[in-house]
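Enquirer: One structure, as structure tokens, below. Some questions next.
The values are calculated or read from the model by the stated rules, or taken from the named source; none is laboratory data. Keep in mind it's a predicted model, so treat the numbers as computed, not measured. Here the Cβ positions follow ideal geometry from the backbone for every residue, glycine too, while neighbour counts run over all protein chains shown. For accessibility, only protein heavy atoms count, side chains too; no ligands or nucleic acids. Shrake-Rupley method; radii C 1.70, N 1.55, O 1.52, S 1.80 Å.
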Amino acid sequence: QVQLVESGGGLVQTGGSLRLSCTASGPTTNNYAMGWFRQAPGKERDFVAVISKGSTITYYADSSKGRFTISRDDAENTVYLQMNSLEPEDTAVYYCAAGGSARAVQSGAIASWGQGTQVTVSS
């Protein structure tokens, strides 16, 4: 089973940017679609973005489109989430996730989760 470790969270002002990283380890890590979810206090964990094996397909939540970009570097076993124009509503714990396909991850069929990284956007 793949293990996932996130980094890059922090405190940023409204309008600022952050780049989250998720490094995967374990067998056949490049065979997974990789995604990001987020969970704000008192709310459910929501889908943010996903990228397929081989980086051929990406899906974004409506709230992420135009502001967030997901990418992956298979040589480094790392997936990134570049977040621009951040808003206080983006404040949440962000989780990296691995699954069998982009559609599976988008639907919440997750094989492995990271431990999460906190993103706080101040107004």
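Enquirer: How big is the charge dipole of segment 58-120 about its Cα centre, in debye rounded to the nearest 20, if each Lys and Arg gets +1 on its Cβ and each Asp and Glu gets -1 on its Cβ? Show your work: numbers first, answer last.
Expert: Values: 4 positive and 7 negative charges, 36 e Å.
So the magnitude is around 180 debye.
Enquirer: Keeping every protein chain present and rolling a 1.4 Å probe, give me the accessible area per residue for the chain in Å².
Expert: On the way: 5930 Å² over 123 residues.
About 48 Å² of surface per residue is accessible.
Enquirer: Oh, and also: If you roll a 1.4 angstrom probe over the protein chains with everything in place, what fraction of the accessible area of segment 75-123 belongs to carbon and sulfur, to the nearest %? If you can, show how the numbers build up before the last one.
Expert: Details: 950 of 2080 Å².
Of the solvent-accessible surface of segment 75-123, carbon and sulfur hold 46 percent.
Enquirer: If you take the beta carbon distance between Asp62 and Gln1 as r and set R0 to 30 Å, what does 1/(1 + (r/R0)^6) give as a FRET efficiency, to the nearest 0.05? Walk me through the intermediate numbers first.
Expert: Values: r = 31 Å, r/R0 = 1.03.
Using R0 = 30 Å, I get an efficiency of 0.45.
Enquirer: Sticking with this structure for a sec: Evaluate the relative contact order of the chain (contact order divided by residue number), counting alpha-carbon pairs under 8 angstrom at least 6 apart; express in whole percent.
Expert: On the way: 322 pairs, mean separation 44.0, N = 123.
Computed value for the chain: 36 percent relative contact order.
Enquirer: Of the trypsin sites (Lys or Arg not before Pro) in segment 26-79, which ones lie in a loop per DSSP and count no more than 16 other C-beta atoms within 10 Å?
Expert: Numbers: sites: Arg38, Lys43, Arg45, Lys53, Lys65, Arg67, Arg72; in loops: Lys43, Lys65, Arg67.
Within segment 26-79, the qualifying trypsin sites (Lys or Arg not before Pro) (loop, at most 16 other Cβ atoms within 10 Å) are Lys43, Lys65, Arg67.
Enquirer: Ordered by residue, what ³J(HN,Hα) values in Hz, to whole numbers, does segment 62-71 give under the Karplus form 6.51 cos²θ - 1.76 cosθ + 1.60, where θ = phi - 60° and Gly and Pro are x?
Expert: 4, 6, 9, 4, x, 10, 10, 9, 9, 8
Enquirer: Which residue, chosen from Thr58, Cys96, Leu81, occupies the Cα position most advanced towards the positive end of the dipole of the chain, where the dipole is computed from +1 (Lys, Arg) and -1 (Asp, Glu) charges on Cβ about the Cα centre?
Expert: After comparing all options, I get Thr58.
Enquirer: Here is a further query. Give me the orientation-averaged projected area of the Cα convex hull of the chain, in nm², one decimal.
Expert: On the way: hull surface 26.6 nm².
For the chain, the mean projected area of the Cα convex hull comes to 6.7 nm².
Enquirer: With charges set only on the Cβ (+1 for Lys and Arg, -1 for Asp and Glu), what does the dipole of the chain come to about its Cα centre, in debye to the nearest 20?
Expert: On the way: 9 positive and 10 negative charges, 35 e Å.
Approximately 160 debye in magnitude.
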